[in-house]
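First comes the structure, then the notes that go with it.
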Amino acid sequence: MKGTALVTGASSGIGRELAREFARHGHDLVLVARSKQRLEALAGEIRDAHGVQVHVIVLDLGKVGAAKTLHGRVRQKRLTVDILVNNAGFGLNGAFVENTFKDEAGLLQLNINALVELCHFFGREMVERRNGYIMNVASSAGFQPGPLMSSYYASKAFVLHFSEGIAEELRSAGVFVSALCPGATHSDFFERAGMQDVPLASGGLIPVMEARDVARIAYRGLERRRVIVIPGFMNKLLAFSNRLGPRALTRKIAMRINRKPN
Ligand SMILES: NC(=O)c1ccc[n+]([C@@H]2O[C@H](COP(=O)([O-])OP(=O)(O)OC[C@H]3O[C@@H](n4cnc5c(N)ncnc54)[C@H](OP(=O)(O)O)[C@@H]3O)[C@@H](O)[C@H]2O)c1
């Protein structure tokens with residue numbers, strides 16, 4: 001694997017560690033997120049540590065049309081994206097009808113629409129070059145329904161199934177697609193979703209992984225052309241047991257681990 005990697009959501013958590021991991025393997029980078037200062041600090045750190053080229057694009061990918069804007073900015077800079085890492089995403093906790101529809105729609109816009117559009121824009125160019133890699137960050141949540149985070153779990157099921165679908169379509173064109181399915185991971189995710197105190201985030205049931213370890217496993221998975229990458233033994237076991245267990249039970253357990261204490 002070689003060339004430039006574009007990482008969305010590179011300003012914190014898993015995306016920041018993915019950027020560091022790609023740089024460690026000698027890839028030039030395009031870092032995308034909304035937080036300019038965080039991106040520039042990371043870009044400086046990576047340039048100093050690895051001597052690779054790092055471009056920063058500050059953009060809100062949650063806005064309709066943002067994927068097209070990003071594609072345009074990459075072209076303006078005359079860059080070729082060899083590896084697209086669709087990592088930007090967020091979760092929303094609470095009963096669906098009690099959340100505002102604006103928030104629910106915003107989640108679907110970022111977690112699904114922006115990701116799909118970026119796969120289309122950059123995927124087409126990869127097919128023309130008959131070379132490229134796409135890593136879409138799904139979640140262990142993609143293997144099951146998730147009451148109290150219903151849209152989030154469903155968005156990740158979409159990412160997982162969509163990625164598997166295009167992986168088969170693009171294989172013969174020399175473009176390889178991987179769906180990364182992390183379980184609970186230390187990052188800003190739970191705080192942003194307002195759910196630091198739910199059982200899922202505490203690690204009481206399933207150990208919470210370090211973002212650095214998730215990124216290492218993700219990179220290795222992409223390099224080895226694994227279509228589905230699930231970091232951590234417990235997360236693999238859970239994904240497998242979801243296939244065997246009754247769905248009614250899975251729904252009830254998910255509701256319990258996503259519920260805030262009273
Ligand atoms: N942490 C977990 O337990 C876990 C488990 C499974 C899957 N995941 C998935 O992993 C991915 C990364 O999450 P994380 O855990 O690393 O959380 P995080 O620390 O909150 O990072 C989220 C990243 O997405 C960016 N982002 C959010 N909204 C954006 C927008 N509108 N436009 C552009 N960038 C935006 C954020 O940057 P700015 O705020 O600077 O824009 C940040 O860089 C997500 O897709 C998440 O669903 C996380």
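For this structure, a couple of remarks:
- Single unsatisfied condition, V30 versus (1) in contact with a Gly (Cβ under 9 Å, 6 or more places away or on another chain); (2) under 15 Å from V81 (Cα atoms): (1)
One line per residue, one yes/no per condition, for (1) surrounded by 18 or more Cβ atoms within 10 Å (Cβ to Cβ); (2) over 30 Å from P207 (Cα atoms):
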{"position": "I46", "(1), (2)": "yes, no"}
{"position": "V64", "(1), (2)": "no, yes"}
{"position": "R75", "(1), (2)": "no, yes"}
{"position": "V97", "(1), (2)": "no, yes"}
{"position": "K102", "(1), (2)": "no, yes"}
{"position": "L107", "(1), (2)": "yes, no"}
{"position": "G132", "(1), (2)": "yes, yes"}
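- A157 under 13 Å from the mean Cα position of the chain (by Cα), closer than 30 Å to A105 by Cβ and part of a helix (DSSP H, G or I): yes
- Residues that are surrounded by fewer than 19 Cβ atoms within 10 Å (Cβ to Cβ) and small (G, A, S), drawn from the range 203-262: G203, G204, A239, S241, G245, A248
- Note on the range 213-249: residues that are over 18 Å from G146 (Cα atoms) and without any contact (Cβ under 8 Å) to a residue 24 or more places away in the chain total 5.
- When the range 15-44 is filtered for residues that are assigned to a helix (DSSP H, G or I) and either among the aliphatic types (A, V, I, L, M) or without any contact (Cβ under 8 Å) to a residue 24 or more places away in the chain (or both), the ones remaining, listed by number, are L18, A19, A23, K36, Q37, L39, E40, A41, L42, A43, G44.
- Only one of the numbered conditions (1) crowded, with 23+ Cβ neighbours inside 10 Å; (2) of a type in the set (S, T, N, Q); (3) part of a helix (DSSP H, G or I) is violated by T69, and that is (1).
- Conditions (1) buried (at least 19 other Cβ atoms within 10 Å of the Cβ); (2) in a loop (DSSP other than H, G, I, E, B); number of the one not met by S163: (2)
One line per residue, one yes/no per condition, for (1) in a strand (DSSP E or B); (2) in contact with a strand residue (DSSP E or B) (Cβ under 8 Å, 6 or more places away or on another chain); (3) near the ligand (Cβ under 10 Å from one of its atoms):
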residue: F176; (1), (2), (3): yes, yes, no
residue: S187; (1), (2), (3): no, no, yes
residue: D197; (1), (2), (3): no, no, no
residue: L200; (1), (2), (3): no, no, yes
residue: L205; (1), (2), (3): no, no, no
residue: R216; (1), (2), (3): no, no, no
residue: Y219; (1), (2), (3): no, no, no
residue: L222; (1), (2), (3): no, yes, no
residue: R225; (1), (2), (3): no, yes, no
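- Qualifying residues in the range 48-60 (those that are surrounded by 15 or more Cβ atoms within 10 Å (Cβ to Cβ) and outside any loop (DSSP other than H, G, I, E, B)) - the one farthest from the ligand (Cβ to nearest atom): H50
- When the test is whether a residue is in a helix (DSSP H, G or I) and either within 25 Å of S12 (Cα to Cα) or near the ligand (Cβ under 9 Å from one of its atoms) (or both), V116 passes it.
- Residue in the range 166-173 that is assigned to a loop (DSSP other than H, G, I, E, B), under 30 Å from N131 (Cβ atoms) and among the hydroxyl-bearing types (S, T, Y) present: yes
- Check on P182, surrounded by 16 or more Cβ atoms within 10 Å (Cβ to Cβ) and under 12 Å from the mean Cα position of the chain (by Cα): yes
- Hey, E98 touching a strand residue (DSSP E or B) at 6+ places or on another chain (Cβ under 8 Å) and more than 11 Å from the ligand (Cβ to nearest atom) or not: no
Values quoted throughout were computed directly from the atomic coordinates according to the rules given, and no laboratory measurement underlies them. Note that the structure is predicted; figures quoted are calculated from it, not measured. Note that each Cβ is placed from the backbone with ideal geometry, even for glycine, and that neighbours are counted across all protein chains shown.
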